[in-house]
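Contents: one structure, followed by commentary.
Please treat every number below as a calculation from the coordinates, not as lab data. These figures come from a predicted structure and were not determined experimentally. All Cβ positions, glycine included, derive from the backbone under ideal geometry; neighbour counts span all protein chains shown.
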Amino acid sequence: MAEVPRDGATIGELMLRGNTVMKGYLKNPTATAAAFRGGWLHTGDLAVRHPDGYVEVKDRSKDIIISGGENISSLEVEEVPLSTSRRCWRPRSSRGPTTNGAKRPAPS
């Protein structure tokens, strides 16, 4: 386990340790041992550290998609529709006639 730099770009797993962190899973020592590797609670959250000390959670490690040997963050996949034209994502029903027979305006 190595600390990530406080550059706001390098992603690492968020791990916690302290007196307010849970002791473990009730009646499940196997899950407790897996979650507390090395004495730290491994949250499964992927985060970056900023120079001012803030931590920004970016994704969940379980949400990583493996495609063609590459690890793809689900966050990257979710951002694609936001970066493309609105026209690509407009529902088809917005172009046809309305229920009362009037024509809808052409999409802009």
Notebook entry, point to check: What distance in nm separates the simple spin-label points at Arg17 and Ile72, each placed 7 Å from Cα in the Cβ direction?
Noted result: 3.7
Item checked: Approximate spin-label separation Met1-Ile65, in nm, with each point projected 7 Å along Cα-to-Cβ -> 3.1
